[in-house]
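Read-outs: derived from the displayed coordinates by stated rules, not from any lab. The model shown is predicted, which means the values in this text are computed figures rather than measured ones. Positions of Cβ are backbone-derived with ideal geometry, glycine not excepted, and every protein chain shown enters the neighbour counts.
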Amino acid sequence: MEQSEQNVKKQRPVHLDLQTIRFPATAIASILHRVSGVIMLFAVGILIWLLSESLASAESFAGIQSLFDNFIVKFVVWGILTALGYHLIVGLRHLIMDTGCWEELDSGNASAKAAFVIAAAWSIIAGIWVW
């Protein structure tokens, strides 16, 4: 082994403390985009079931409608709408980045932070609409 290879190995961290690693806004936006996609994958099943039940008969429609009086159901629907909005907003940001815009560090961070603000506003609007 060469001397330079030994120096490189010695400089590598032995233990990474994940609590001290600070991710940039762009990384957080990307990770949360994937998380919101997984949430929507499961949400599709819930939404298709709700639609199917609501279309089965007038009685089942009334039953589904009465479900929305429950706080937990409202919270789940709000969560689904929040995940959908976030995924759409950050997905549009990714599409714009695919055109070559916002690829620099400063503009990428600014666009990620703007996406967080827009998604938070969407979440508040969705919460008001659900309740």
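For the chain, state the average projected area of the convex hull of the C-alpha atoms over all orientations, rounded to one decimal in nm². Mind showing how you got there, number by number?
On the way: hull surface 52.2 nm².
Projected area, direction-averaged: 13.1 nm².
Using the alpha-carbon centroid of each, what span in Å lies between segment 108-131 and segment 76-102?
When both Cα centres are located, 10 Å separates them.
Taking the dipole about the Cα centre of the chain, with the C-beta of Lys and Arg at +1 and of Asp and Glu at -1, give me whichever of L92, G108, V130 is farthest to the positive side.
Of the candidates, G108 comes out farthest on the positive side.
Would you mind calculating the gained length between L18 and L41 on full extension (0.36 nm times residue separation, minus the Cα-Cα distance), in nm to one decimal? Can you show the working numbers first?
Values: separation 23, 0.36 × 23 = 8.28 nm, distance 2.80 nm.
Computed gain between L18 and L41 is 5.5 nm.
Using a simple charge model, +1 on the beta-carbon of Lys and Arg, -1 on the beta-carbon of Asp and Glu, nothing else, what dipole does the chain show about its Cα centre, in debye to the nearest 20? The partial results should precede the final answer.
Values: 8 positive and 10 negative charges, 63 e Å.
That gives the chain a dipole magnitude of about 300 debye.
Hey, what do the phi angles of segment 104-116 turn into as Karplus ³J(HN,Hα) couplings, whole Hz, using 6.51/-1.76/1.60 and θ = phi - 60°, x for Gly and Pro?
So the Karplus estimates, Gly and Pro as x, are 6, 4, 5, 6, x, 5, 5, 5, 5, 5, 5, 5, 4 Hz.
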